[in-house]
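K.L.:
Right, I'll just put the structure down here and ask away after.
The values are calculated or read from the model by the stated rules, or taken from the named source; none is laboratory data. Everything quoted here is computed from the prediction, not taken from an experiment. Heads up, the Cβs are rebuilt from the backbone with ideal geometry, glycines too, and the neighbour counts pull from every protein chain shown.
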Amino acid sequence: MLFDLNHVSIIRDQKHLLADINLTINAGDYLTITGPSGSGKSTLVKALAALIDPDEGVLNYNGQDILQLDPIKYRREVSYCVQQPTLFGNTVRDNFAFPYQIRKQKFDPAAVEKYLAQVQLPASYLDQPIEKLSGGERQRIALLRNILFDPRVLILDEVTTGLDSENKAIIHDLINHLNHDKHITIIQITHDTEEIAMANRLIHIVGGQLVDESGVK
Amino acid sequence: MGIAVNNQSLFYAGMLVVIALFIAWREKLGLDKDMIIAVIRAVIQLVIVGYVLRYIIHLDQLWITLIIAALIIFNASYNAMKRSALKSFKISLAAIAIGTIITLGGLILAGAIKLVPFQIIPITGMIASNAMIAVGLCFKTMEQAFKDQRQQVVEKLTLGADLKDATLPIIRLSIKTAMQPTIDGAKTVGIVSLPGMMSGLIFAGVDPVRAIKYQIMVTFMLLSTASIASFIAAYLGYREYFNARKQLKSMN
């Protein structure tokens, strides 16, 4: 198993945002998470993304306690695309340049253009000013930013909420490609029935607690 | 020499405060009490400093001079910290002390000033107070930027950025904002303002052409201090927003 959560709780101001979560996620899984707003879904994925740590319990990744892992290396392996992401800098290029920059690597436009093609954006989009992008285009670019260096796990927080069917379809194709062809583990918060159907697992979180995991389809 | 301030003329000059008080009272600004306290404080502080400086300059002991310089730096650091949300005296002290010592050392090595109390103490005061303003502004800008750009910092972390890469725009903005008043001041010096150092020398009868040389030195030293102090404050300060696990402390 890739992730193993043992009695994980996250507590803020004496309130349990997550209470006693037990969950395993296997490599290659496509897991969807649903639940009412404020139920702890985002808290769970933030913990999986090493943005916050469990206050109680143990979160193991690849057999190791997450607290023992280097957070920077970990986040490069377990990439998290937040809800309503912001774009960096002035142009699309600035956004793709960032993952190269933090790895001290030279920007490779040819490689990036292949990714752009996967979400049906032309190579000329590299020089597009970010304020000229539509909501769907912004979301596609933010997603690509997370996968330029092929993470092992991709965490998605309501990435298609508010998008039209055309944009949704493009993103669904990308997610399926990543999961099926590149064997990237997908963990996705969503309310979209189509996405829930695409996944092989579904969990519900209510009031910080895991309720009736439906397991493998 | 045309300097004719004596106790009697000071007393009459004090009438100017009455005008300020009258305006505050008439316009119901609620500043009268504050103003009276400020004036009394200013007079008492300056009288004490006058006597202390006279004594120290008369003593002419290097170690006493250095203690006074250290006191000025400590005070400046404490005040810069007090004004900021980032309650770190250590960072404030490191930024102001290093900024002041490097600038002071540069001036001494360049032969612009000598290691004597009547030069070191006032110059230390000017440098440290400029560093204090720069560090205060740097911290304030950083606090606001971490609020405004929080989401972007989080997203950069999720992409696997190290803290510096995630925070670089905030670091740059903080240093830039902290240095801006000193740069603006340098641009208008002599055109808009005739600053204290130069005015004081001219007042005391020094040839203006000589006085401006001191002012040029002051301009150089303030620029150097502001840049060193804000650079150190920003690069030490941004780490305070993260924990050892490279997570934003304000994350929940």
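K.L.:
Mind telling me which of the residues A:Val112, A:Val159 ends up being in a loop (DSSP other than H, G, I, E, B), crowded, with 18+ Cβ neighbours inside 10 Å and in contact (Cβ under 8 Å) with a residue 24 or more places away in the chain?
P.N.:
Among A:Val112, A:Val159, only A:Val159 is in a loop (DSSP other than H, G, I, E, B), crowded, with 18+ Cβ neighbours inside 10 Å and in contact (Cβ under 8 Å) with a residue 24 or more places away in the chain.
K.L.:
Can I ask one more? Residue by residue through segment A:56-106, note down the ones that are within 12 Å of another protein chain (Cβ to nearest Cβ), β-branched (Val, Ile, Thr), free of Cβ contacts under 8 Å to residues at least 60 places away in the same chain and touching a strand residue (DSSP E or B) at 6+ places or on another chain (Cβ under 7 Å).
P.N.:
Within segment A:56-106, A:Ile66 is the sole residue that qualifies.
Yes/no per residue for (1) of a type in the set (Ser, Thr, Tyr); (2) within 30 Å of B:Asp60 (Cβ to Cβ):
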| residue | (1), (2) |
| --- | --- |
| B:Ala76 | no, yes |
| B:Met81 | no, no |
| B:Ile98 | no, yes |
| B:Phe118 | no, yes |
| B:Thr141 | yes, no |
| B:Gln149 | no, no |
| B:Gln152 | no, no |
| B:Glu155 | no, no |
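K.L.:
Across segment B:83-96, what is the total count of residues that are more than 12 Å from B:Ile133 (Cα to Cα) and surrounded by fewer than 20 Cβ atoms within 10 Å (Cβ to Cβ)?
P.N.:
Here the count works out to 7.
K.L.:
With a cut-off of at least 3 residues that are closer than 10 Å to A:Leu210 by Cβ, name the strands (runs of 3 or more DSSP E) lying wholly within segment A:1-40.
P.N.:
In segment A:1-40, the matching strands (runs of 3 or more DSSP E) lie at A:15-25.
K.L.:
Test B:Lys114 against the criterion of being more than 14 Å from chain A (Cβ to nearest Cβ), at pLDDT 95 or above and closer than 30 Å to B:Ala69 by Cα, and give yes or no.
P.N.:
no
K.L.:
Give the residues of segment A:19-41 that are in contact with a strand residue (DSSP E or B) (Cβ under 6 Å, 6 or more places away or on another chain) and farther than 17 Å from A:Ile187 by Cα, sorted by residue number.
P.N.:
Matches in segment A:19-41: A:Ala19, A:Asp20.
K.L.:
Examine segment A:182-190 for a residue that is over 23 Å from A:His16 (Cβ atoms), surrounded by 14 or more Cβ atoms within 10 Å (Cβ to Cβ), among the hydroxyl-bearing types (Ser, Thr, Tyr) and at pLDDT 95 or above, and state whether such a residue exists.
P.N.:
Yes, that holds for at least one residue.
K.L.:
For segment B:121-163, which positions are among the basic types (Lys, Arg), within 25 Å of A:Asn95 (Cα to Cα) and either surrounded by fewer than 22 Cβ atoms within 10 Å (Cβ to Cβ) or in contact with a Cys (Cβ under 7 Å, 6 or more places away or on another chain) (or both)?
P.N.:
Selection gives B:Lys147, B:Arg150.
K.L.:
Only residues that are within 14 Å of chain A (Cβ to nearest Cβ), out of contact with any strand residue (DSSP E or B) (no Cβ under 8 Å at 6 or more places or on another chain) and not acidic (Asp, Glu): list them for segment B:148-172, please.
P.N.:
B:Gln149, B:Gln151, B:Gln152, B:Lys156, B:Ala161, B:Lys164, B:Ala166, B:Thr167, B:Leu168, B:Pro169, B:Ile170, B:Arg172
K.L.:
For residues that are over 19 Å from the mean Cα position of the chain (by Cα) and among the aliphatic types (A, V, I, L, M), scanning just segment A:74-101, find the one that is nearest to A:Arg138 (Cα to Cα).
P.N.:
The selected residue is A:Val92.
K.L.:
Right, next: Quick check on A:Leu5: is it of a type in the set (A, V, I, L, M, F, W, C) and either under 23 Å from A:Cys81 (Cβ atoms) or buried (at least 22 other Cβ atoms within 10 Å of the Cβ) (or both)?
P.N.:
So A:Leu5 passes the test.
K.L.:
Name the one entry in B:Ala70, B:Ala85 that is modelled with pLDDT under 90, hydrophobic (A, V, I, L, M, F, W, C) and closer than 30 Å to B:Ala234 by Cα.
P.N.:
Criteria check complete, one pass: B:Ala85.
K.L.:
Tell me which residues, restricted to segment A:115-156, are closer than 21 Å to A:Thr185 by Cβ, in contact with a strand residue (DSSP E or B) (Cβ under 7 Å, 6 or more places away or on another chain), in a helix (DSSP H, G or I) and not polar (S, T, N, Q).
P.N.:
Scanning segment A:115-156 gives A:Ala142, A:Leu143, A:Ile147.
K.L.:
Could you figure out which of (1) more than 30 Å from B:Lys164 (Cα to Cα); (2) at pLDDT 95 or above; (3) under 17 Å from the mean Cα position of the chain (by Cα) isn't true of A:Leu156?
P.N.:
The single condition A:Leu156 does not satisfy is (1).
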